[in-house]
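Below you will find the structure I want to go over with you.
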Amino acid sequence: MAKIAYRDAVRDAMSEEMTRDSRVFLIGEEVAQYNGAYKCSKGLLDKFGPDRIIDSPISESGFAGLCIGAAMYGLRPIAEFMTFSFSFVAFDQIVNNAAQIRYMSGGQLKVPLVFRGNSGGGHQIGATHSHAPENIYATFPGLKVVVPAFAADAKGLLKSAIRDDNPILVIENEALYGRESEVPDGEYLTPIGKANILQEGTDLTIVTHGRSCWTVLEANQELHKMGIHAEIIDLRSIKPLDWPTVFASVRKTHRLVCVDETKPFCGVSSQVAAEVSRACFDHLDAPVLRVTSVEAPMPFSSALEDECIPNVARIIEAVKEVVA
Amino acid sequence: MKKKPLPTGAGVLASTQPLPEYGTVPDLSRDQRLEWYRMMYLTRKFEERSYQSYQTGLIGGFCHLYNGQEAVAAGTFAAITDADPVITAYRDHAHGLMRGIRPGPAFAELYGRATGIVKGKGGSMHYFNVEKQMYGGHGIVGGQTALGLGLAFATKYLGEKKVCFCYMGDGAVNQGTFHESLNLAQLMKIPVIYVIENNMYSMGTSVDRHSAPVELYKRALGYDMLGVRAEGMDFDHVRQVSWTLAERARSENLPAILELMTYRYRGHSMSDPQYYRSKEEVEEYRKHDPVEILRSRILSEATVNEKDLEALEEKVRKEVQEAHDWALASPFPAQSEIYTDIYA
């Protein structure tokens, strides 16, 4: 086990899979000569050359569609969105083409491709650059959505995604690129659709994913001092979602707080709360609470922005209410 | 009378750069020419039958007919091979039939049956036949232009020396994705030919009301790309210019816009009352019918006589009727089909 940065785990995943399969290529804005806006493709141009590490002009719809067409023909593209906030420029391609073509072609085609890139708020880059869109894309049958929180999964989920025969969005997070965590030695894959129990506990379940995993773990130190033993689940995969792991935990702890960076209205936590209230109704000893981003565009000022995404104080407040 | 070779610039009306010289498209054999005529005639009869079926309520949703435009699909397809990928928008019946979809599964798809070419999951707008490199059938105007780019990119990536023909209506030239695709195609040297099927109307909006430059091939100028406008009602003319651009794409990885001037006899979709044009205009265009033009030429070449041609046509009409009957007798999809083919 070595500790590496999340961005290096992303690069290692791409590098290993490109070495393994000549059909895999990477295209995106600044991925080649610039080494990636967030340095996730550092060194890959030198290693694989310009035919496979391709700088695109700023044309999200164009290069997303190019990747879908190439995947229909049998290649296995990786498209990097500098941030998923820009993926909305390519929304038609992702939603009307990538997601639907297998179905509309009656199963004649598959679309094995990965859309990956940065997401999330917290960096004072304003409302247009701070979206956490995993809930939006997860509503479309045909797409899969994964959100790695740690370096091990940044690598393992991306490798699985590249080998998967479906269009998959791998949604990373700017706040995590520089964070180091342990990565297994040698070849491994993180299965898509399998949650990870970060900590076992008895008093309540906290279901979270992405950057919020780190915030929950930070809050957990306070909870521990308060004598509260939380079971913490990192969903890792939003679509498909590992319902058995979530339900089993709630049936054990009888309490649930959902924490994630999507918006409160129709967000990932809304979906978890709805499914748990149906499947675990007789087991719940308290209402399910949600800690999410707030119902407002992302403000610029850090004094405001810090309150807009889940933070330690809001998590602890929700936990206290649920275990009271 | 032996067929004279066409001059390489036959049917070309204008271009942004001088047309490259790749010579004359290789001759088709008598049987090949007859087969392309048969495909055009089949498409015409298939769609006339579809028109009736729509009127009697057998087809739900949209149904965009290609009547009048048959020489565009036939002439371009006859310039390339079935190994070259093609992709189009929702006016896709001709492209499907001419790339191997049998009339039975084609009708069955229109009628929403389990035996449809895409199992009743796509309908009129989403014909696919990947076995013959026909990649749809796409519903969003201009959305397929980026997919065509990707198909062509993949052939180049794999070193196959192929060309992708990507079809679109004249209305699609105003979509942003098309312009992103043009820039990427020229910048990255991708062997894709964008065929603008200019039938003069973007739904009910005529070209002069929807495009600042009415000469649509000139959209290529902004991208240092070759743009060609050519006559689109004559199979042989379409085939010659398509072959030139295809050869150029294969040997130099260069994309192009090919604007083919054509006309659709029917409304945009079946529910279109056509207030935007006169009956006289439609009748005028019907005098230059692409199916008739090829039919007359084949007869003038004296390789086949009127009687044989009529026998061929009779056979096609019978095939269409039988395919229609077969499709109508086919079962609807099982409810369980809702949840299949979503993920691979």
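The values are calculated or read from the model by the stated rules, or taken from the named source; none is laboratory data. Just so it is clear, the structure is predicted and the values come from calculations on it, not from any experiment. Note that each Cβ is placed from the backbone with ideal geometry, even for glycine, and that neighbours are counted across all protein chains shown. Please note that ligands, DNA and RNA were not included when accessible areas were found on the heavy atoms of the full protein model with its side chains. Shrake-Rupley method; radii C 1.70, N 1.55, O 1.52, S 1.80 Å.
Counting only protein heavy atoms and using a 1.4 Å probe, what share of the accessible area of the range A:2-183 belongs to carbon plus sulfur, as a whole percent? All intermediate terms of the calculation are to be shown ahead of the outcome.
Numbers: 2530 of 5200 Å².
C and S atoms contribute 49 percent here.
For n ≥ 4 DSSP H runs only, could you compute -39500 (n - 2.57) per run for chain B, divide by its residues and tell me the 222 nm figure to the nearest 500? Provide the component values of the computation, followed by the final result.
Working: 11 runs with 141 residues, N = 344.
Here the helix-only value at 222 nm equals -13000 deg cm²/dmol.
Per residue of A:52-64, how many C-beta atoms from partner chains lie within 10 Å of its own C-beta, taken as a mean? Before the final figure, lay out each step's value.
Details: counts 1, 0, 3, 2, 4, 5, 1, 9, 2, 11, 14, 8, 4.
Across A:52-64, the average partner-chain Cβ count within 10 Å equals 5.
For chain B, calculate the relative contact order in percent as a whole number, restricting contacts to Cα pairs under 8 Å that are 6 or more residues apart. Walk me through the numbers before you get to the answer.
Working: 675 pairs, mean separation 88.9, N = 344.
Relative contact order of chain B: 26 percent.
Give the shape of the range B:243-344 as rounded, prolate or oblate, defined through the alpha-carbon gyration tensor: a ≥ b ≥ c are the square roots of its eigenvalues, a/c under 1.5 means rounded, and otherwise the shape is prolate if a/b is larger than b/c and oblate if not.
Working: a/c = 1.41, a/b = 1.20, b/c = 1.17.
It is rounded, given that a/c, with a ≥ b ≥ c, falls under 1.5.
Could you give each residue of the range A:189-200 its phi-based ³J(HN,Hα) in whole Hz, using Karplus coefficients 6.51, -1.76, 1.60 with θ = phi - 60°, and x for Gly or Pro?
Working through the residues one at a time gives 10, 9, x, 7, x, 10, 6, 10, 7, 6, 8, 7 Hz.
Evaluate the relative contact order of chain A (contact order divided by residue number), counting alpha-carbon pairs under 8 angstrom at least 6 apart; express in whole percent. Show your work: numbers first, answer last.
Details: 726 pairs, mean separation 53.7, N = 324.
It rounds to 17 percent for chain A.
Report, by chain and number, residues whose modeled amide H sits under 5 Å from the one on residue B:259, excluding near sequence neighbours (fewer than 5 apart, same chain).
Excluding prolines and chain starts, which carry no amide H, the hits are B:196, B:228, B:229, B:230.
Taking amide hydrogens as modeled 1.01 Å from N in the peptide plane, which residues meet the under 5 Å criterion relative to residue A:205, leaving out close sequence neighbours?
The list, which skips near neighbours in sequence, is A:231, A:255, A:256, A:257.
Excluding residues fewer than 8 places away in the same chain, name every one of the aspartates and glutamates whose C-alpha is closer than 13 Å to that of residue B:132.
In chain and number order, the partners are B:82, B:84.
Mind checking B:122-131 for the average number of partner chain beta-carbons within 10 Å of each residue's beta-carbon?
Numbers: counts 7, 1, 0, 1, 6, 2, 8, 2, 5, 1.
Partner-chain Cβ atoms within 10 Å, mean over residues of B:122-131: 3.
Taking a ≥ b ≥ c as the square roots of the Cα gyration tensor eigenvalues, with a/c under 1.5 meaning rounded and otherwise prolate when a/b beats b/c, else oblate, which class fits the range B:41-131?
Details: a/c = 2.10, a/b = 1.39, b/c = 1.51.
Oblate is the answer for the range B:41-131, as a/c is 1.5 or above yet b/c matches or exceeds a/b.
Here is a further query. In straight Cα distance, which aspartates and glutamates are under 17 Å from residue A:225, not counting same-chain residues fewer than 8 positions off?
Answer for residue A:225, where 17 Å is the Cα cut-off: A:200, A:203, A:317, A:321, listed by chain and number.
For chain B, what are the DSSP H helices with axial Cα length of 30 Å or more and mean Kyte-Doolittle hydropathy of at least 1.6?
On the way: long enough: B:30-55 (38 Å, -1.73); B:306-329 (34 Å, -1.03).
The answer is none, since no helix passes both cut-offs.
Turning to a different aspect of this structure: Relative contact order for the range A:196-323: what percent, with Cα pairs under 8 Å and sequence separation of 6 or more?
Values: 225 pairs, mean separation 36.4, N = 128.
Relative contact order comes out at 28 percent.
Per the 1.4 Å probe, what fraction of the accessible area of the range B:197-287, in percent, lies on carbon and sulfur atoms? Don't skip to the answer; put the middle values down first.
Working: 1780 of 3620 Å².
Carbon-and-sulfur percentage of accessible area, whole number: 49.
How much FRET efficiency would the formula 1/(1 + (r/R0)^6) give for residue A:199 and residue B:337, where r is the Cβ-Cβ distance and R0 is 41 Å, rounded to 0.05?
Numbers: r = 43 Å, r/R0 = 1.05.
The pair residue A:199/residue B:337 has a calculated efficiency of 0.40.
Further question: Among DSSP beta bridges lying fully in the protein assembly as shown, give the percent that are antiparallel, nearest 5. Mind dumping the intermediate values first?
Values: 15 of 68 bridges.
If we restrict to bridges inside the protein assembly as shown, about 20 percent are antiparallel.
A follow-up question, please. Please list, or write none, the lysines whose alpha carbon is within less than 18 Å of the alpha carbon of residue B:279, excluding same-chain residues fewer than 8 places away.
Of all the lysines, those that pass the test against residue B:279 - Cα under 18 Å, at least 8 places apart if same chain - are B:287.
Where the accessible area of the range A:196-323 is counted over protein heavy atoms with a 1.4 Å probe, how much of it, in %, is carbon and sulfur?
Values: 3130 of 5660 Å².
About 55 percent, which is the carbon plus sulfur part of the accessible surface.
Still on this structure: Output the pairs from A:47/B:156; B:119/B:161; A:42/A:159; A:263/A:320 with a Cα-Cα distance over 29 Å in this structure; if there are none, say none.
Details: A:47/B:156 21 Å; B:119/B:161 33 Å; A:42/A:159 17 Å; A:263/A:320 22 Å.
Cα-Cα > 29 Å for B:119/B:161; rest within.
Can you work out ³J(HN,Hα) from phi for every residue in the range A:289-303, in order, using Karplus 6.51 cos²θ - 1.76 cosθ + 1.60 and θ = phi - 60°, giving whole Hz and x for Gly and Pro?
Once rounded to whole Hz, the list reads 10, 10, 10, 9, 5, 9, 7, 7, x, 6, x, 7, 4, 5, 4.
5 Å is the cut-off here: which amide hydrogens, built 1.01 Å from N in the peptide plane, fall below it relative to residue A:32, excluding neighbours closer than 5 in sequence?
Answer set, sorted by chain and number: A:55.
On to the next question. By the gyration tensor of its Cα atoms, with a ≥ b ≥ c the square roots of the eigenvalues, what is the shape of chain A: rounded for a/c under 1.5, prolate for a/b over b/c, or oblate?
On the way: a/c = 1.74, a/b = 1.62, b/c = 1.07.
Prolate shape, in that a/c is at least 1.5 and a/b is the bigger ratio.
For the range B:124-130, just list the computed ³J(HN,Hα) in residue order, Karplus coefficients 6.51, -1.76 and 1.60, θ = phi - 60°, integers in Hz, with x standing in for Gly and Pro.
3, 7, 10, 6, 10, 8, 5
So if I take the centroid of the Cα atoms in the range A:1-62 and the same for the range B:222-248, what is the distance between those two points in Å?
Comparing the Cα centres of the range A:1-62 and the range B:222-248, I get a distance of 37 Å.
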